[in-house]
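Take a look at the structure set out below.
Each reported figure results from applying straightforward, stated rules to the coordinates on display, with no laboratory input. All of these numbers come straight from a predicted model, not from anything done at the bench. Positions of Cβ are backbone-derived with ideal geometry, glycine not excepted, and every protein chain shown enters the neighbour counts.
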Amino acid sequence: MESKSKILLIYTGGTIGMIKDYRSGALMPFDFSELESKIPELSQLECTIKSISFEHPIDSSNMKPQDWLKIAGLIEQNYDLFDGFVVLHGSDTMSYTSSALSYMLENLSKPVVFTGSQLPIGDLRTDAKENLITSIQIAALKEKNKPLIQEVCLYFEYKLYRANRTTKVNAEHFKAFESPNFPPLITSGVHLKINYSSLLKPKGNKKLVVHKALDNNVAILKLFPGFSEKLLEGVLRVPDLKAIILETYGAGNAPTEEWLFRELKKAIEKGIHIVNVTQCYGGSVLMGSYKTSEVLKKLPLINGGDITTEAAITKLMYLLGSRVSKKSFQTIFETSLRGEMT
């Protein structure tokens, strides 16, 4: 007989943890010690639930790398006490935070499920209840007395995704997130349909390592018709800049302007890492497949493949914080570390 799972809820802030004061109409933080009184269905789950909240819950628009460290620290402190973790987070930057945590939590062998909602938990039409109940249920899943999910995920509107494959696509619909280049890990319907072939499997029984050094001397630069030399020069002259995500057209293409390649080449020679990521919703960078990307390949720019911008920028922060050598940086970035790239 499998033991009952112990799940820790970590509330960081966001809409899911808010209730409406019907006298004033204002939203107020929810007291998670009263969780079961608001969602009595939780008592039917075959698991034990405990909760912990940030002392000062924050809107996800204010989320910073130091807050990622706080979440990672709470997981580290409670790792041996719980079988799974559900992180409640505002949806706006959830893909960034969850992607960062996927790199920070090396050798993870338990589920870390991020979720949130578009409407507050006390709203009549809220999506918070389903997202929360199913996230807890998924975090509690076991096979042969071991957690079924052993990676950082994101659950929203009936789909569990690998977190570092997600991007927020809608500010109004309940289906706020998608994973353009990787299938859902679990689809929730009458039953939970598990995509076993897509789940990450940890290598051996290695001890959890929590990486706490992040370097945010990075930038995202999106190409557009009319993109100017002065704009590029301005970004490349930012003090202490160490890496750039260059969002290019299509399969990694860029204008064939001589100044563009000259400035990028100078930046690379100065030691700035430049990653080529497509600005398309789905698909992959294939440098050299068009004439407009041949020079980028020769520079060379780091090939971001089918990584999302959220996963790419947090991967840069992680690798820079880990002091990866410049000689091996490109090879390591182009390698899938936590299933973030195909």
Restricting the range 266-312 to trypsin sites (Lys or Arg not before Pro) in coil, as DSSP defines it, with at most 14 other Cβ within 10 Å: LYS270
Taking every other residue with Cβ under 13 Å from the Cβ of GLY321 and scoring Lys and Arg +1, Asp and Glu -1, one gets +2
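For the chain, give the share of DSSP beta bridges that are antiparallel, in percent and rounded to the nearest 5; count only bridges with both residues there.
If we restrict to bridges inside the chain, about 35 percent are antiparallel.
Please report, in debye to the nearest 20, how large the charge dipole of the chain is about its Cα centre when each Lys and Arg carries +1 at its beta carbon and each Asp and Glu carries -1 there.
1040
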For the range 141-227 the trypsin sites (Lys or Arg not before Pro) that pass both the DSSP coil test and the at-most-16 other-Cβ-within-10 Å test are LYS144, LYS175, LYS203, LYS206, LYS207, LYS212
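Calculated from DSSP H runs of 4 or more alone, at -39500 (n - 2.57) each and per residue, what is the 222 nm mean residue ellipticity of the chain, nearest 500?
-7500 deg cm²/dmol
Taking R0 as 41 Å, what FRET efficiency do you get between LYS327 and HIS191 from their Cβ-Cβ distance, rounded to the nearest 0.05?
On the way: r = 50 Å, r/R0 = 1.21.
Efficiency for this residue pair is about 0.25.
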What net charge is computed for the residues neighbouring THR187, neighbours being all others with C-beta under 10 Å from the C-beta of THR187, Lys and Arg scored +1, Asp and Glu -1? +2
Work out the charge dipole of the chain with +1 on the Cβ of Lys and Arg and -1 on the Cβ of Asp and Glu about the Cα centre, then indicate which of ILE7, ILE133, ASN195 is farthest towards its positive end. ASN195
Longest DSSP-loop-exposure-free segment, GluC sites (Glu not before Pro), the chain, at most 16 other Cβ within 10 Å: 56-171
Can you spot the aspartates and glutamates whose alpha carbon is less than 15 Å from LYS203's alpha carbon? Ignore those fewer than 8 places along the same chain. GLU106, GLU151
Scan around SER5 for amide H atoms under 5 Å from its own, H built in the peptide plane at 1.01 Å from N, and keep only partners 5 or more places away or cross-chain. THR48
Run down the lysines and flag those whose C-alpha is under 21 Å from the C-alpha of LYS38, throwing out any fewer than 8 positions away in its chain. LYS6, LYS20, LYS50, LYS129
Cα shape, the range 195-325, gyration tensor, a/c 1.5 rule: oblate
Take the chain, mark every one of the chymotrypsin sites (Phe, Trp or Tyr not before Pro) that falls in a DSSP loop and has at most 12 other Cβ within 10 Å, then report the longest stretch left between them, sites excluded. 23-280
Net charge near ILE332, counting Lys/Arg +1 and Asp/Glu -1 over other residues with Cβ under 13 Å of its Cβ? +3
Which is farthest toward the positive dipole end of the chain among VAL238, VAL209, PHE54, measuring Cα position about the Cα centre, with Cβ charges +1 (Lys, Arg) and -1 (Asp, Glu)? VAL209
For a quick check, take a GNM of the chain with Cα springs below 10 Å and name the residue from ALA219, ALA100, ALA312 with the largest mean-square fluctuation. ALA219
